[in-house]
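FYI, it's all coordinate maths here, none of it is from the lab. Since the structure is predicted, the reported quantities are computational estimates derived from the model, not experimental observations. Virtual Cβ from ideal backbone geometry, glycine too; neighbours counted across all protein chains shown.
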Amino acid sequence: MIIVDEKVIRDMDLTREVLAETDCSIVVVKNGDVLIKKKGDGIRPILEVIEEVKEEIQGSIVGDRILGKASALLCSYSKAKGVYSPQATKTAIAVLIIAGIPSQIDEMIPYIKNRGGSDVCPFEKMLSDIDSPEVAYEILKGKILR
């Protein structure tokens, strides 16, 4: 059982508020402060956040507008203390549970769609057999942030 302290709940609430009131796709909250927030599509914003704040992201709450396996693996890689998302897949939640990261999700979605909405997101497909957060990070970083 995961025990969540009041600070985590407070930071998760702030994360939820920022995502609801802005058009940001990623927000990182730590110790009651918004560390960084970013707009963008796909997996790029969370990768950029990880690159920009480095180890400072450890122990934070990550808010991601749509959470799939790729994002969940990156949250685990960055040693987030919690994750909030308005929409998430079962696979993403499973990744967080395995990593021991508490999460709040508003709506379960079957899968993340590609930009055209016609198929599964290419990054979800790319990581379908990957369970290591470190391997996922290296793959995604190589593809997105070349």
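For the structure I just gave you, tell me whether SER118 is of a type in the set (S, T, N, Q), closer than 23 Å to VAL28 by Cα and either surrounded by fewer than 20 Cβ atoms within 10 Å (Cβ to Cβ) or touching a strand residue (DSSP E or B) at 6+ places or on another chain (Cβ under 7 Å) (or both).
Working: of a type in the set (S, T, N, Q): yes; closer than 23 Å to VAL28 by Cα: no; either surrounded by fewer than 20 Cβ atoms within 10 Å (Cβ to Cβ) or touching a strand residue (DSSP E or B) at 6+ places or on another chain (Cβ under 7 Å) (or both): yes.
Answer is no for this residue.
Return the total of residues in region 106-129 being touching a Gly at 6+ places or on another chain (Cβ under 7 Å) and not in a helix (DSSP H, G or I).
2
Can you tell me which residues in region 1-13 are among the hydrophobic types (A, V, I, L, M, F, W, C), in contact (Cβ under 8 Å) with a residue 40 or more places away in the chain and assigned to a helix (DSSP H, G or I)?
Of the residues in region 1-13, the ones among the hydrophobic types (A, V, I, L, M, F, W, C) are 1-4, 8-9, 12.
With in contact (Cβ under 8 Å) with a residue 40 or more places away in the chain added as a condition, the list becomes 2, 4, 8, 12.
Scanning region 1-13 gives VAL8, MET12.
What residue, among those in region 62-97 that are of a type in the set (A, V, I, L, M) and not in a helix (DSSP H, G or I), is surrounded by the most Cβ atoms within 10 Å (Cβ to Cβ)?
Initially, region 62-97 is screened for residues of a type in the set (A, V, I, L, M), giving 62, 66-67, 70, 72-74, 80, 83, 88, 92-97.
Remaining after also requiring not in a helix (DSSP H, G or I): 62, 66-67, 80, 83, 88.
Working: VAL62: 31, ILE66: 18, LEU67: 29, ALA80: 25, VAL83: 28, ALA88: 27.
The extreme case among them is VAL62.
Of the numbered conditions (1) closer than 28 Å to PRO110 by Cα; (2) in contact with a helix residue (DSSP H, G or I) (Cβ under 7 Å, 6 or more places away or on another chain), ARG16 fails exactly one; give the number of that condition.
For ARG16, the exception is condition (2).
Any residue in region 24-43 that is without any contact (Cβ under 8 Å) to a residue 12 or more places away in the chain and under 29 Å from LYS125 (Cα atoms)?
Step one: of region 24-43, the residues without any contact (Cβ under 8 Å) to a residue 12 or more places away in the chain are 33.
Checking the rest, the ones that are also under 29 Å from LYS125 (Cα atoms) come to none.
No - not one qualifying residue is present in region 24-43.
Can you name every residue in region 130-146 that is outside any loop (DSSP other than H, G, I, E, B) and of a type outside the set (Phe, Trp, Tyr)? Before you say what the answer is, go through the steps one by one.
Pass one, region 130-146, residues outside any loop (DSSP other than H, G, I, E, B): 133-144.
Answer for region 130-146, where residues must be outside any loop (DSSP other than H, G, I, E, B) and of a type outside the set (Phe, Trp, Tyr): PRO133, GLU134, VAL135, ALA136, GLU138, ILE139, LEU140, LYS141, GLY142, LYS143, ILE144.
Could you give every pair whose Cβ atoms fall below 6 Å, whose first residue belongs to region 52-76 and is farther than 14 Å from PRO133 by Cβ, and whose second residue is among the polar types (S, T, N, Q) and in a helix (DSSP H, G or I), counting only separations of at least 6 or pairs across chains?
Taking only residues 6 or more apart or on different chains, the pairs are ILE61/THR15; GLY63/THR15; ASP64/SER71.
Restricting region 17-52 to residues that are assigned to a helix (DSSP H, G or I) and over 13 Å from the mean Cα position of the chain (by Cα), which is surrounded by the most Cβ atoms within 10 Å (Cβ to Cβ)?
Our first condition is that a residue be assigned to a helix (DSSP H, G or I); within region 17-52, this holds for 17-21, 44-52.
Next, from what is left, pick out any that are over 13 Å from the mean Cα position of the chain (by Cα): 17-18, 20-21, 51-52.
Numbers: GLU17: 15, VAL18: 18, ALA20: 10, GLU21: 8, GLU51: 10, GLU52: 13.
The selected residue is VAL18.
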